[in-house]
Amino acid sequence: MSERAQQRHFIDQALELRTQEDRLRTLQPLNPGEDGIEVTRDGVNLVNFCSNDYLGLSHHPKLRERARQYADKYGVGSAASRLISGTYTIHTRLERKIAELFNAEAALLFNSGFQANSTILQALTDRNSLILADKRSHNSLLQGALLSRATFHRFNHNDMEHLERLLEKGTSRSYNRILIVTETVFSMDGDRSDLEAVCRLAERYEALLFVDDAHAVGVWGERGRGLAFDQPRVDLTLGTFGKAFGAFGAFVLCSEKIKQYLVNFCPGFIYTTALPPPVVGALDAAVDLIPRLEAERTRYHQIITTLRQQINEYGFDTGGSATQIIPVIIGDDRETLQLADFMEENGILATAIRPPTVPENSARIRLTISSKHQARHIDQLTKVLRRWNEG
Ligand SMILES: *Cc1c(COP(=O)(O)O)cnc(C)c1O
């Protein structure tokens, strides 16, 4: 082998190992249909049960229309980062509208939740700080903690006693500050945290608190304002625009002071091109729309509860799910893949999630429900699951 080939051998090895483990991932392109719910892949129609388009806004006429308007008026790119010439009045107007909707002092736009999470934690800490994050936190938060120079520990999932022990230990050392990181709704299990309990601990140990509300904004809480709404003890709340908001980007809710601090010190905000005008347009329309979807949300929440009960009645384990994310936990990797194939053969698109994304022996089909799923879509899904368990 040449030296050059030898240097690159690790790539073949890693891919080979993944293949042997049957865990090699590949991209599977599809085309979304008119409503985004029915998709086609290789000419086959499928009902999508794995998208995060919770309110179906990605195809909403109002969002499309304003995206077009903004593209015509402001162009398709913002052509610079926010601190150079990329802050248009449409960006600051959107930030004001977001802050108003969420009753926050300030809002700051980011290009994605991943970019925000992976760079905010390092901005808030240094080598003398301590970060304590829930073990099931999203990978972007894990990356953020690893990129920081802070000491980093993870507390057992939703385990407040464990968190308190780590806080106590942390207080006895001379950290300059402690940052607690958690989520409201966890991505892989669809379960929730006890945010009030986390807030009480943050208060008692004088810690900073960062809460990722990505799966709740737009979906849960009065007027879709999420599950961290009106929790004054939360210092920073992250919301994404890529899920219920139907478009792209993210935002952080915080005080004016923290916003000013992030504008000056957060690399993921500073060193990147500002969100493009068509996206800002779509988001502007989404912010107008979301608080008005109360009736739709009520109906949506009922559909989720009924569906979860039905899946449980068929004998499937849905773990701690209390939201629109419903894991059908199978355990065994291969059996989970077989179920995913069976579902696809029967017109349902749902992805198998396997370790290391989830803990060993908890492979699952992760279902996500949209308010745009019709009764016939849900029927199709439940029939397929029932047939699998009978067969
Ligand atoms: C999706 C998600 C993110 C990332 O948001 P993007 O805007 O898609 O980059 C962050 N945190 C959680 C919990 C998520 O589910």
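To the nearest 10, the accessible area of CYS199 is 10 Å² with a 1.4 Å probe. The protection proxy used here, the mean number of other Cβ atoms lying within 10 Å of each residue, ranks peptides 348-357, 5-14 as follows, highest first: 348-357, 5-14. Over segment 90-200, the hull volume per residue, using the convex hull of the C-alpha atoms, is 121 Å³. A DSSP coil position with no more than 12 other Cβ atoms inside 10 Å describes the following GluC sites (Glu not before Pro) in segment 1-58: GLU21, GLU34.
In segment 34-185, what % of DSSP beta bridges are antiparallel (nearest 5)? Provide the component values of the computation, followed by the final result.
Numbers: 4 of 13 bridges.
Counting DSSP beta bridges with both partners in segment 34-185, the antiparallel share is about 30 percent.
Just the number, please: percent antiparallel of the DSSP beta bridges in the chain, rounded to the nearest 5. Provide the component values of the computation, followed by the final result.
Working: 27 of 46 bridges.
About 60 percent, rounded to the nearest 5.
Among the protein heavy atoms, those of PHE114 account for about 110 Å² of accessible surface (1.4 Å probe, every chain in place). Spin-label pair HIS9-LEU27: with each label point 7 Å from Cα along the Cα-Cβ axis, the two points sit 3.0 nm from one another. If you find the alpha carbon centre of segment 184-250 and of segment 72-98, how far apart are they in angstrom? Rounded to whole Å, the Cα centres lie 26 Å apart.
For the chain, a crude dipole built from +1 on the beta carbon of Lys and Arg and -1 on the beta carbon of Asp and Glu, taken about the Cα centre, is about 920 debye to the nearest 20.
Please grab the % of Cα pairs in segment 246-373 that end up more than 20 Å from each other. Each step should come with its number before you reach the end.
Values: 5128 of 8128 pairs.
When every Cα pair of segment 246-373 is considered, 63 percent fall beyond 20 Å.
Sort 129-135, 63-69, 313-319 by packing, meaning the average of other beta carbons within 10 Å per residue, with the highest value first. It would help to have the intermediate numbers written out before the result.
Details: 129-135: 22.7, 63-69: 17.7, 313-319: 15.3.
Top of the packing list down: 129-135, 63-69, 313-319.
Rounded to 0.05, the FRET efficiency of the GLU335 and ARG299 pair, given R0 = 22 Å and the Cβ-Cβ distance, is 0.05. Label positions at LEU147 and ALA71, each projected 7 Å from the Cα along the C-beta direction, are separated by 3.0 nm. Distance between the modelled labels on ARG223 and ASN156, one decimal in nanometres: 4.0 nm (7 Å Cα→Cβ projection).
Cut-off 14 Å, label point 7 angstrom out along Cα-to-Cβ of ARG204: give me the residues of segment 164-183 whose amide nitrogen falls inside. Within reach of a label on ARG204: 164-171.
GluC sites (Glu not before Pro) within segment 155-213: which are DSSP loop residues with at most 16 other Cβ atoms inside 10 Å? Before the final figure, lay out each step's value.
Numbers: sites: GLU161, GLU164, GLU168, GLU183, GLU196, GLU203, GLU206; in loops: GLU206.
Qualifying residues, ordered by number: GLU206.
Restricting the calculation to alpha carbons of the chain gives Rg and Dmax of 21.8, 65 angstrom.
Just in segment 202-266: which trypsin sites (Lys or Arg not before Pro) are loop by DSSP and have at most 16 other Cβ atoms within 10 Å?
Numbers: sites: ARG204, ARG223, ARG225, ARG233, LYS243, LYS257, LYS259; in loops: ARG225, ARG233, LYS243.
Qualifying residues, ordered by number: ARG233.
Of the options THR89, PRO61, ALA150, report the single residue whose Cα projects farthest towards the positive end of the charge dipole of segment 1-152 (beta-carbon charges: Lys, Arg +1; Asp, Glu -1). Final value for the positive-end residue is THR89. Here is how the number arises for the chain: DSSP H runs of 4 or more residues each give -39500 (n - 2.57), the sum is divided by the residue count, and the result at 222 nm is -13000 deg cm²/dmol.
The values are calculated or read from the model by the stated rules, or taken from the named source; none is laboratory data. From a predicted model like this one, the values you see are computed outputs, not experimental measurements. Ideal geometry is used to build each Cβ from the backbone, glycine not excepted, and the neighbour counts take in all protein chains shown. Accessible surface areas use protein heavy atoms only, side chains included; no ligands, DNA or RNA. Shrake-Rupley method; radii C 1.70, N 1.55, O 1.52, S 1.80 Å.
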